[in-house]
Amino acid sequence: MPTATLTLNGTSYELPVVVGTENEVAIDITGLRSATGLITLDPGYGNTGSCESRITYIDGANGVLRHRGYPIEELCEKSSFVEVCYLLVYGTLPTQDELEAFARKLKSHSLLHEDMKKFFEGFPPSAHPMTVLSAMVASLSAYYPDTPENVDLNIVRLLAKLKTLAAFSYKKFIGQPYIYPRNDLDFTADFLHMMFEVPSEPYEPSETLVKALDLLLILHADHEQNCSASTVRMVGSSGADLFASISAGISALSGPLHGGANTAVIKMLQQIQADGGDLDKYIAKAKDKDDPFRLMGFGHRVYKNYDPRARIIKRYVDEVLQELGLDDPLLDIAKRLEAAALEDEYFIERKLFPNVDFYSGILYRAMGIPTDMFTVMFAIGRLPGWIAQWKEMKNDPKTRINRPRQIYQGERLRHYVPIEERSAATPA
Ligand code: SDX
């Protein structure tokens, strides 16, 4: 097995090297501090592996994404979101009987405890759906205790109930009655029905919409050690239960640099549209270091090529809008903005390409999903990935409570000064 040599102040240390099944290579620094007293420093963890995982493989240079070895392109073309949930959580593609049994279990656990409806009453109409979702998922711990024999059932409960929680929170805030799950509908159709049915007007989701949403959910299902998945692992490493860990992941996802970007993209496109569609102005703003504006939906920590998920969504969005007879001017702005950015040296030099969030909002809009619910859709899609990461962490014998170190750069030793002897501190 190869090793890496670290030399500092004339002393050399041999460090083991780990090689993955796709020939990724890492220096194993597990024993670094005990052997050398040294730590490494990597703000944002861009160069740091937190674990060895068997769930998702990303090749950022070549725009490759696979779940349990299966290419995302094949899963989008041939699988379903419920089947991808099974694949991520249990590690294999199910047989027909296994898939049907799993789908039945999800249907039989999609109801919320009736008392949970009271929780929605406490939120003001202005509450962001991600705030509500995170709070409601954490509350599930109060109904479904985290005991070893409950873990598998709680995983099914969470997969089944998240879409009901999302639909109920939407109905609450638009002042409409809750629409309960229907077991005669499949997972994705059932969600759309809970979102858009009103008692006086039965709603049957079109096959186009069901297929489009199922595709989007598959495309969001997992993405290895992203910010929210790492948060789920971090919280779970303390022994916190599944619901608490996932609730933390939902909060991490809500940030505009992460899952909140799909909402931010639409707001950016609307701003450009309202401003007369001046793309050059906004490309210049994105490049201006003194301007906080960023091209939302562009760039990625891992992909230094076109995000394969963005490629699939872009290809599909034209088809869906055409089938629905919709013409969204924001799509035209998005396409022209992408073309302009991809020809611009700033973006080329930094390898900034559209990511999963750049076109997804156009599809959600076409389905009638309100902009503030876009990140909730991301969370519903990402849930099986978070659960798979949490399970893998829990079952990994190498797992220890996550506790990074630091390099202290503050004041050196000083002693307490009585208040009467203190002078006004110069402002920090
Ligand atoms: C997701 O990790 C995952 O896998 C996440 C995700 C998943 O499925 O879980 O893929 C989902 O979160 C997708 C990303 C969604 N966020 C956005 O679209 C927000 C806009 N993008 C950026 O904020 C940024 O690209 C990030 C946050 C996605 C990545 O940030 P990094 O890796 O920390 O990169 P960086 O900020 O250090 O940028 C490197 C350079 C900088 O310029 P210089 O200092 O080198 O001159 O590129 C520039 C940045 O200013 N840059 C951008 C830019 N993104 C990076 N400049 C303008 N517009 C942008 N969008």
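Structure above, values below:
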read-out: The chain, relative contact order [Cα under 8 Å, separation at least 6], %; value: 19
read-out: Leu15 long-range amide H proximity, modeled H, under 5 Å; value: Ala4, Thr5, Leu6
read-out: Cross-link table Lys78/Lys285; Lys171/Lys314; Lys335/Lys391; Lys163/Lys287; Lys107/Lys351; Lys267/Lys289, entries beyond 32 Å C-alpha to C-alpha; value: Lys78/Lys285; Lys335/Lys391; Lys163/Lys287; Lys107/Lys351
read-out: Overall Cα dimensions of segment 261-366, principal axis frame, Å, largest first; value: 41, 31, 22
read-out: Length gained when the stretch Lys78-Glu201 is fully extended (0.36 nm per residue, less Cα-Cα span); value: 41.0 nm
read-out: Dimensionless Rg ratio for segment 29-72, taking C-alpha atoms and the 2.2 N^0.38 Å reference; value: 1.61
read-out: Ranked packing of 199-209, 353-363, most packed first, by mean Cβ within 10 Å; value: 353-363, 199-209
read-out: Label-point separation, Thr48 to Ala424 (7 Å along Cα→Cβ), nm; value: 4.1
read-out: Label-point separation, Tyr70 to Arg350 (7 Å along Cα→Cβ), nm; value: 3.6
read-out: Kirkwood hydrodynamic radius of segment 3-59, Cα pairs, Å; value: 13.0
read-out: Extension gain (nm, one decimal) between Ala340 and Glu319, 0.36 nm per residue minus Cα-Cα; value: 5.3 nm
read-out: Segment 261-366, relative contact order in percent, only Cα pairs under 8 angstrom and at least six apart counted; value: 44
read-out: Value of relative contact order over segment 28-115, rounded to a whole percent, pairs C-alpha under 8 Å and six or more apart; value: 14
read-out: Qualifying aspartates and glutamates (Cα of each under 16 Å from Cα of Lys398; at least 8 residues distant if same chain); value: Asp28, Glu52
read-out: Whether the chain is rounded, prolate or oblate, judged on the alpha carbon gyration tensor where a/c under 1.5 counts as rounded; value: rounded
read-out: Label-point gap, in nm, between Ser238 and Val19 - each point 7 angstrom along Cα→Cβ; value: 3.9
read-out: Average projected area [Cα convex hull, segment 113-172], square nanometres; value: 3.9
read-out: Exposure proxy ranking, count of Cβ atoms within 10 Å, fewest first, for Phe81, Phe293; value: Phe293, Phe81
read-out: Top positive-direction residue, dipole computed over segment 1-136 with Cβ charges, set Gly46, Ile72, Leu99; value: Leu99
read-out: Sum of -39500 (n - 2.57) over DSSP H runs of 4+, divided by residues of the chain (222 nm, nearest 500); value: -15500 deg cm²/dmol
read-out: Computed E for Ile401/Ile174 - FRET, C-beta separation, R0 51 angstrom, nearest 0.05; value: 0.75
read-out: Debye, to nearest 20: dipole size of the chain, +1 on Lys, Arg Cβ, -1 on Asp, Glu Cβ; value: 1200
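Taken together, the values in this text are just the output of simple stated rules run on the coordinates, not laboratory data. Everything quoted here is computed from the prediction, not taken from an experiment. Cβ sites come from the backbone with ideal geometry, for glycine too, and all protein chains shown count toward neighbours.
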